[in-house]
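The values are calculated or read from the model by the stated rules, or taken from the named source; none is laboratory data. Just so you know, these numbers come straight off a predicted model, no measurement behind them. Please note: Cβ atoms are built from the backbone with ideal geometry, for glycine as well, and neighbour counts cover all protein chains shown. SASA here: full protein model, heavy atoms, side chains in, ligands and nucleic acids out. Shrake-Rupley method; radii C 1.70, N 1.55, O 1.52, S 1.80 Å.
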Amino acid sequence: MKTKISPFYEANQVNTPSNLFDAFTDTFYFAKDREGRFVYANQLLYEHYNLSDPADVIGRTDHDFFRRDIADQIHNDDLLVMNEEITISNKLELIQDFSGEVHWFITTKMPLRNRHGEIVGVEGLSSDARRSKVSIEPYNVFRNCINYLQKNYMHSIPIKYLAELCYMSLSTFERKFKKHFQLSPKQYIRRLRIQESCSLLLASYGIQRAALECGFCDQSYFTREFRLVMGITPRDYQLKYLN
């Protein structure tokens, strides 16, 4: 099926993407306007979202495909690329979809410019580690560790045990983990718990129950940690996004 071309390209005097992008078998190509709306997605990307027609992507945003806090994070990266005129290269992203499945992506983004050199959006490439024919080192090295965390985040997890899962010494594990995820293992576990709690809050769980099911010892501690990661309290998050 031929990928749909948005009127955005003609209206903004931007060269249309090459048909070569539709031949990619392990890499998503996308382009968005300044408001974060998709103006192009290659065939692999709309197949990934189980859409029957490329037109189903055009005009939609990441908020249509991901939980709100994750979509906000993606959009913030887009804004950074456009406003600071920078390129984000080979960023490792672990993104959880609405079903709870975690996807590993290596993403590169850069400003999308028109024929006059003006920035009119953002474009990028994301390689799905499970589709890729090329070995993606962080995925291969940390796969067992991340899979374990996804299943056991609510329990007390010794960092030394995670290092053993990756066949590393504790110091090497902590150093390499932070290099690839920009977070220490403890910070990552905290963020994972907060992300899981977001799903429960959006499912109308009470704050205390969400806290306990995600491994926090009490509601007040959970509220402090949630605010550190999300910038708002669990109650404010629930009221904002349930509405």
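Entry note, the chain: the mean residue ellipticity at 222 nm calculated from DSSP H runs of n ≥ 4, each adding -39500 (n - 2.57), is -13500 deg cm²/dmol after division by the residues and rounding to the nearest 500.
For the chain, leaving out every one of the GluC sites (Glu not before Pro) that falls in a DSSP loop and has at most 16 other Cβ atoms within 10 Å, the longest unbroken run is 119-243. Scanning residues 5 or more positions from VAL120 or on other chains, those with amide H under 5 Å from its amide H are LEU112, ARG113, ASN114, with H placed 1.01 Å from N in the peptide plane.
Rounded, prolate or oblate: which fits the range 143-243 when a ≥ b ≥ c are the square roots of the eigenvalues of the alpha-carbon gyration tensor, with rounded for a/c under 1.5 and prolate only if a/b beats b/c? Prolate, because a/c is 1.5 or more and a/b exceeds b/c. Each Lys and Arg Cβ is given +1 and each Asp and Glu Cβ -1; about its Cα centre, the chain then shows a dipole of about 760 debye. The convex hull around the C-alpha trace of the chain, projected and averaged over every direction, spans 14.1 square nanometres.
Only one residue of MET168, VAL39, ASN15 has its Cα farthest out toward the positive end of the dipole of the chain, where Lys and Arg carry +1 and Asp and Glu -1 on Cβ, and that residue is MET168. Rounded to the nearest 20 debye, the dipole size of the range 141-243 about its Cα centre is 340 debye, using +1 on the Cβ of Lys and Arg and -1 on the Cβ of Asp and Glu.
For PHE173, what charge total do you get from the other residues with a beta carbon under 9 Å from its beta carbon, if Lys and Arg give +1 and Asp and Glu give -1? Computed value for this residue: +1. All C-alpha to C-alpha distances of the range 7-100, sorted into 10 Å bins beginning at zero, yield P(r) values of 14, 46, 37, 4 percent in whole numbers.
Surface composition of the chain: carbon plus sulfur atoms contribute 47% of the solvent-accessible area (1.4 Å probe, protein chains only, all chains present).
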